[in-house]
Amino acid sequence: MRSSSASAPEASFAAFLAESLAALRRDGPWIFARLCERLARRELCIEVDGEALGLRCEIHDIHLVEAPRSPDILLRTDRRTILDLVDARSTLLEALLEERLVVLARFEDVSTLHDAVQIYLHGAVRARAFPAMLRRFRQSAARADGAA
C-alpha cells in the first residue's frame, strides 16, 4: 500500500489508517480482499478532526492518496466517534442521526460504505497488531480532547 503522506506523524489519522490496513492485509488477507472488492473503483475522502485524506480503492488494493477533489464518498467525523463505533457504544445509524458522522454520497455508495466499515471493524478485531494500534489511537484521541 502506497501512501502519499509517508512523513505524516504517528498521531495522524492517516498514519493510523495506513497501519491498520497493512495489519488487515497481513493478518486477514481474505478480509482485506473483501474490503477491496466492496470499495473497488471508488475514491473516498475521509476527514477526521479536520485532517483530510483520500483512499483510492481498486479491486485488489487500497491506496492512501491526497484528498480527492470529487470523491464518490465523503466521510467526516472525529476520533471520539470512531472509538464509540469500535467500542460498540454507538452504531453507524446513531452516529449519522446525531451528526457525529457525516456521509455525502449517492445512496448505493452509502450502502457500500456501511458494508465496508463493518468489514473493516470485523477484520480489525482479528488483526494481531490492532490492540496496540488502538491503544495509540486512544491516546491521540485523549490528547486531542485535552487540547480542545
Original post:
Among the listed residues ASP61, ASP49, ASP84, which satisfies the condition of being of a type in the set (Asp, Glu) and within 15 Å of LEU121 (Cα to Cα)?
Top reply: ASP84
**OP:** Could you check how many residues of region 64-81 are among the hydroxyl-bearing types (Ser, Thr, Tyr) and farther than 15 Å from TYR120 by Cβ?
**Re:** 1
Original post:
When region 53-77 is examined, which residues are found to be without any contact (Cβ under 8 Å) to a residue 40 or more places away in the chain, surrounded by fewer than 16 Cβ atoms within 10 Å (Cβ to Cβ) and touching a helix residue (DSSP H, G or I) at 6+ places or on another chain (Cβ under 9 Å)?
Top reply: GLU58, ILE59, HIS60
**OP:** Look through region 38-52, keep the residues that are surrounded by fewer than 19 Cβ atoms within 10 Å (Cβ to Cβ) and among the hydrophobic types (A, V, I, L, M, F, W, C), and return whichever of them is farthest from the chain's Cα centre (by Cα).
**Re:** ALA40
**OP:** Report whether or not PHE107 is more than 16 Å from CYS36 (Cβ to Cβ) and touching a Gly at 6+ places or on another chain (Cβ under 9 Å).
**Re:** no
Subject >> Evaluation of LEU35 against (1) more than 11 Å from the chain's Cα centre (by Cα); (2) outside any helix (DSSP H, G or I); (3) among the aliphatic types (A, V, I, L, M) (one fails), failing number >> reply: (2)
**OP:** Would you please list the contacts, defined by Cβ atoms under 8 Å and residues six or more apart or on different chains, that run from a residue in region 30-44 that is touching a residue at least 40 places away in the same chain (Cβ under 8 Å) to a residue that is charged (D, E, K, R) and assigned to a helix (DSSP H, G or I)?
**Re:** PHE32/ARG25; ARG38/ASP115; ARG42/ASP109
**OP:** Give the residues of region 101-116 that are under 13 Å from the mean Cα position of the chain (by Cα) and within 14 Å of CYS57 (Cα to Cα), sorted by residue number.
**Re:** LEU113, ALA116
Original post:
Quick one: which of LEU44, LEU85, LEU17 is closer than 22 Å to SER140 by Cβ and not in a helix (DSSP H, G or I)?
Top reply: LEU44
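Bear in mind these aren't lab numbers, they're just calculated from the coordinates by the rules spelled out. It should be emphasised that the depicted structure is a prediction, and the values quoted were computed from it without experimental measurement. Cβ: placed from backbone, ideal geometry, glycine included. Neighbour counts: every protein chain shown.
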